[in-house]
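Readers should treat all values here as calculations from the given coordinates under stated rules, not as data from a laboratory. Here the structure is a predicted model, which is why all the values come from computation and not from measurement. Backbone-built Cβ (ideal geometry, glycine too); neighbour counts: all protein chains shown.
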Amino acid sequence: MSISRKRIVIGLLLMAIGGGGLRAEVPPYRRATLPVEERVEDLLSRMTLREKILQLNQYTLGRNDNPNDRNAVNTRLPAEIGSLIYMGSGPEMRNRMQRRAMEETRLGIPILFAYNTVHGFRTIFPIPLAQACSWNPRLVEAACAEAARETRLTGIEWTFAPMVDVARDGRWGRIAEGFGEDVHANAVFCAAAVRGFQGTTLSDTLRIAACLKHYVGYGASLGGRDYVPTEISRQTLWDTYLPPFEAGVRAGAATLMSSFNDISGVPATANGYTLTEILKKRWKHDGFVVSDWDAILQLVNQGRASGRREAAQLAFLAGVEMDMTDNCYRDHLESLVESGKVGIERLDDAVRRVLRLKFRLGLFDRPYTPERPETERFQRPEAMALADSLAAESCVLLKNDDHTLPLAPETRIAVIGPLADARDHLLGSWCGRGEARDVTSLYEGMCAEFGAENVRYARGCDFNGEDRSGFPEAVAAARASQVVVLCLGEKRQWTGENASRSTLALPPIQEELARVLSETGKPIVLLLGNGRPLELSRLELLCKAILEIWQPGTAGGKPVAGLLSGRWNPSGKLAVTFPRTTGQIPIYYNQRRNARMDQGSYLDLPDTPLYPFGHGLSYSDFRYGEIRMVSSDPMVLEVTVTNASSRDGAESVMWYVSDPVCRITRPVRELRHFEKRMIRAGGSETFRFEVDPLCDLGFVDEKGDRFLEPGEYWIQAGPRKFRLFIPEE
Ligand code: GLC
């Protein structure tokens, strides 16, 4: 054969190979150009039952803090595991584990790495309860995007957040992790967090998959304790606890986490109504549900399952796709499928959902994370600036008698209290990889803001205990100053998971320190660092001003000092009610109406809270004009707010709806819209509420169906009220 003919033959051979021959070696699920669903189906068709079941399990990697093998890969873990909760602070260990999955297994299915990035990864933002008080979803979304970036750069693609459990009992330590007592607020911030974490496409290498938790009703835990039952009617499920999750699903949340609580006799982790009827069939969620830690096994404790096998069957058939850490699925799903108790269709549906997310995240095509130093991954200037702004906007000025605040620049200040020099306690619970050494303490913030020569420090006392030996030094510091900035509050371990307290009052030693300092006659500015609403009735009497700083995160004392100096103008408003005493619980703004208006109060207390939902002062003076309807169809309401002060300030206008008569009795009022805007000194801004009658005026019944009744409705914004009428159809 001539050379030219040989060349033609070789050319044809190469074309054949290029055109499809070699391609036959690359299975469709490995081809990035194919649609996700096609790749899912191809891979699923190749998997054994064992391989499928391992995809539905999650363990941890990296808990081992043994300095000798801190970065060792846990070789006892099967590399075919579906997901690992990753405790590393860099991608190296995760990449080594991923290489085992990609190169040492039959199909090379990447592991999905997860973590609790709740309010930041290394740059820590204020706790979510504080973030809600900013009433700034745009800022919250940006913070979640920064948190996603730090998380993904560390080799983690999935966070167990946002937590959107409507919570109305401050005794419950997890009230710190959600967006407060209001349904609409939790829904709006949930969607903002999902957008921030996930961005517009999950394949973005700086975004992470969100996980709405804890599905559902965990915030109703009886007595504010943890892991206990909840009593929730179908009506309350639909009108209070489900809406934030629906908002998150509509925003595209990739996953949900089933909660620990028993829902009036049916545990959430074995609840086919919520997990399948609502989530999969009604809301058409195509992602998956992971159980909370050991929640499947806990069905035995809850008296729903006789043992681990039945627990696995109940949770799996109810609609929980992935088992977090208790091995019930690993140990029993195979025999459940082989015995026909679990159908292969349901199993394949579960595996499909897990694989779908892995493909969407791009894990098959980019299984490894670039190994960059911490300086490139953490605390970039944009993140730090955002942490500062969000902390400043989350603080709530509860009291400011005689315009005590802002403090004049040369004021001599005594910074006193157990929180004054603390760093880690400003991070709050679930503070990820946050480092106390990164945090600016309140004392440091005050020195930087007012000049160290003007600031004295004294600890005064510990967070709790009986030791009063620090009192004299604190009194001396107060006497030598013009004002006392008293820093009281909670240790970060006093809120979060399994951290319920029977009282909202601070430990007596802290109140005693306040009393002793008030006897010096110096004005007291109280800074409160806490993760729950507090009982402040006694402290309130001793202080001229109270600034609720919550747990502000890494920025810590910097924005707080800026609020005291007036560099920041306070703009936060409470997203949770502060009762007068713990005995008033449950007390929240949107309760249903009483049978008697002038009776039924406690004999020893008024039935109003100390600080209501939505309360928050500013250094500005905002005046509300009358509400006006500028259009009836579409229905548009407006209110003009004027800043009658000489200081620019941001105001959050909160629009409430009241329906005095309805076939299902409704809360006295319901927040349905809010908007925050800067209003220049002396200027005005007009705020609009574009009313969707069914969504904003209507209500939902116990089947989850929305309805709108004709009749009278009231709209409130600030002190203004507006009556409108929905005619008969
Ligand atoms: C915990 C929490 C949950 C967390 C999970 C993983 O028990 O309830 O919020 O995401 O386990 O750490």
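How would you order 536-544, 32-40, 170-178 from highest to lowest mean count of nearby Cβ atoms within 10 Å? Working shown, then result.
Values: 536-544: 18.2, 32-40: 14.3, 170-178: 27.2.
The densest-packed peptide leads the list: 170-178, 536-544, 32-40.
For region 622-726, the equivalent ellipsoid derived from the Cα gyration tensor has semi-axes of 29, 13, 11 Å, listed largest first. Counted residue by residue at 0.36 nm each, then reduced by the alpha carbon distance between them, the extension gain from Val636 to Tyr273 reaches 127.0 nm. Remark: for residue pairs Lys52/Lys703; Lys213/Lys703; Lys676/Lys703; Lys358/Lys703; Lys52/Lys284; Lys558/Lys721, the C-alpha separation exceeds 27 Å in Lys52/Lys703; Lys676/Lys703; Lys358/Lys703; Lys558/Lys721. Under 20 Å from a label point set 7 Å out along the Cα-to-Cβ vector of Val266, the amide N atoms of region 211-227 belong to 213-222. Treating r as the C-beta distance of Cys662 and Arg138 and R0 as 41 Å, the FRET efficiency rounds to 0.80. Along the axis of the charge dipole computed for region 31-360 (Cβ charges of +1 for Lys and Arg, -1 for Asp and Glu, origin at the Cα centre), the listed residues Ile263, Gly219, Leu77 are led at the positive end by Leu77. If the segment from Ala408 to Arg225 were pulled out straight at 0.36 nm per residue, it would be longer than the present Cα-Cα gap by 61.5 nm. Computed from the C-beta positions of Ile344 and Arg628, the FRET efficiency with R₀ = 60 Å rounds to 0.45. Put simply, the convex hull of the Cα atoms in region 395-584 casts, on average, a shadow of 10.3 nm². Placing a pseudo-label 7 Å from each Cα along the Cα-to-Cβ vector at Glu728 and Leu694 gives an inter-label distance of 2.2 nm. For the chain, the spherically averaged projection of the C-alpha convex hull amounts to 40.4 nm².
On a 0 to 90° scale, report how tilted helix 381-394 is relative to the longest principal axis of the chain, with both axes built from alpha carbons and the result rounded to the nearest 10. Roughly 50 degrees, rounded to the nearest 10. Projected label points at Arg31 and Gln235, each 7 Å from Cα along the beta carbon direction, are separated by 5.7 nanometres.
Restricting to DSSP loop positions (anything but H, G, I, E, B) with no more than 16 other Cβ atoms inside 10 Å of their own Cβ, which GluC sites (Glu not before Pro) remain in region 431-536?
Glu466, Glu519
Between Met87 and Ser684, the contour length at 0.36 nm per residue exceeds the Cα-Cα span by 209.9 nm.
In plain terms, the bigger the Kirkwood radius, the slower the diffusion; for region 31-360, with that radius from Cα pairs, at 25 °C and 0.890 mPa s, Stokes-Einstein puts D at 123 µm²/s.
Using the Cβ-Cβ distance between Ser335 and Thr503 with R0 = 41 Å, the FRET efficiency computed as 1/(1 + (r/R0)^6) comes to roughly 0.25. When both region 372-408 and region 169-205 are represented by their alpha-carbon centers, they are found 19 Å apart. The modelled label-to-label distance between Glu38 and Asp424, using points 7 Å beyond Cα along the C-beta direction, is 5.3 nm.
Take the Cα of Arg592, go 7 Å toward its beta carbon, and the backbone nitrogen atoms of region 645-666 under 16 Å from that spot belong to 659-666. Mean sequence separation of contacting Cα pairs (under 8 Å, at least six apart), scaled by the length of region 622-726, corresponds to a relative contact order of 30 percent.
For the chain, what's the relative contact order in percent, using C-alpha pairs closer than 8 Å and at least 6 residues apart?
Numbers: 1723 pairs, mean separation 97.1, N = 729.
Relative contact order here is 13 percent.
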